[in-house]
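Quick notes on the structure that follows.
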Amino acid sequence: FFPDIDKVRYEGPSSRNPLAFKQYAEDEVVAGRTMKEWLRFSIAYWHTWRGNGGDIFGLDGTINRPWEDRALSEMDMALRRVDVNAEFCEKVGAPYYCFHDLDVRPEGATQAESDANFDIIAERLGEVQAASGLKLLWGTANLFTPRRYMNGAATNPDPAVFARAAASVKKCLEVTHRLGGENYVLWGGREGYQSILNTNVRLELDNLARFLSMVAEHKHKVGFRG
């Protein structure tokens, strides 16, 4: 996918090569550890492979990725991105990657279908990790992009949305554990209220607390130590 780009290496601060490290020398020891040990760089799937470069004034974005092929099925394209990510990480020397569930797997019509898609992608991710030594730093469920989360996930007034969010986190936590992830992230980008005039703040906080408690309980149930 990147045939004209060699592995990015340290060349020192005087280098004029735009594809070379000027300060970062992974094997250089600083305060008893190598830079690679101190700086655990991780390639974020969302920013690197799924964001389109758009903003609120230009939603279509400007990023062109030549390996993206609309003729392929969503699953085939998701599997291709696994290989793209692995090659990129190898060439920049990044030991880790991280993802939202929606970054790596196609969204299904139901939670069960989404989970099945996630299993297919997780199997391929595991194969790539085993072959390359690449590691998963963290996983997280996207509880903000799907329209159902317009009014929050754990704090949503609709019990069905709360349940869907819980199911998504459950599955993503399990996949993160399966892939040896070192951490699991919970980001409540749409949690909370728009106005205290039309919400029950105490109920929202209680529901959020229960949601987080269930995540912690499931973490221990599956043996995740991140």
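The values are calculated or read from the model by the stated rules, or taken from the named source; none is laboratory data. Note that this is a predicted model, so its numbers are computed, not measured. We place every Cβ from the backbone using ideal geometry, glycine too, and count neighbours over all the protein chains shown.
A few comments on the model shown:
- Residue match in segment 167-176 (condition: farther than 23 Å from His220 by Cβ, modelled with pLDDT of 95 or more and among the acidic types (Asp, Glu)): no
- Summed over segment 118-130, the residues that are surrounded by 19 or more Cβ atoms within 10 Å (Cβ to Cβ) and not β-branched (Val, Ile, Thr) give a count of 3.
One line per residue, one yes/no per condition, for (1) without any contact (Cβ under 8 Å) to a residue 60 or more places away in the chain; (2) among the aliphatic types (A, V, I, L, M):
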residue: His47; (1), (2): yes, no
residue: Gly54; (1), (2): yes, no
residue: Asp60; (1), (2): yes, no
residue: Met75; (1), (2): yes, yes
residue: Asp83; (1), (2): no, no
residue: Ala86; (1), (2): yes, yes
residue: Pro106; (1), (2): yes, no
residue: Asp115; (1), (2): yes, no
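- Selection of segment 9-41 for residues being hydrophobic (A, V, I, L, M, F, W, C) and assigned to a strand (DSSP E or B) yields Phe21, Val29, Val30.
- Test: residue in segment 32-42 that is surrounded by 14 or more Cβ atoms within 10 Å (Cβ to Cβ) and within 18 Å of Val84 (Cα to Cα): yes
- Qualifying residue in segment 113-128 (condition: closer than 26 Å to Ala160 by Cα and among the small types (Gly, Ala, Ser)): yes
- Residue check for Arg65: basic (Lys, Arg), free of Cβ contacts under 8 Å to residues at least 24 places away in the same chain, within 24 Å of Leu134 (Cα to Cα) and in the same structural domain as Ala131 (by TED's automatic domain parsing): yes
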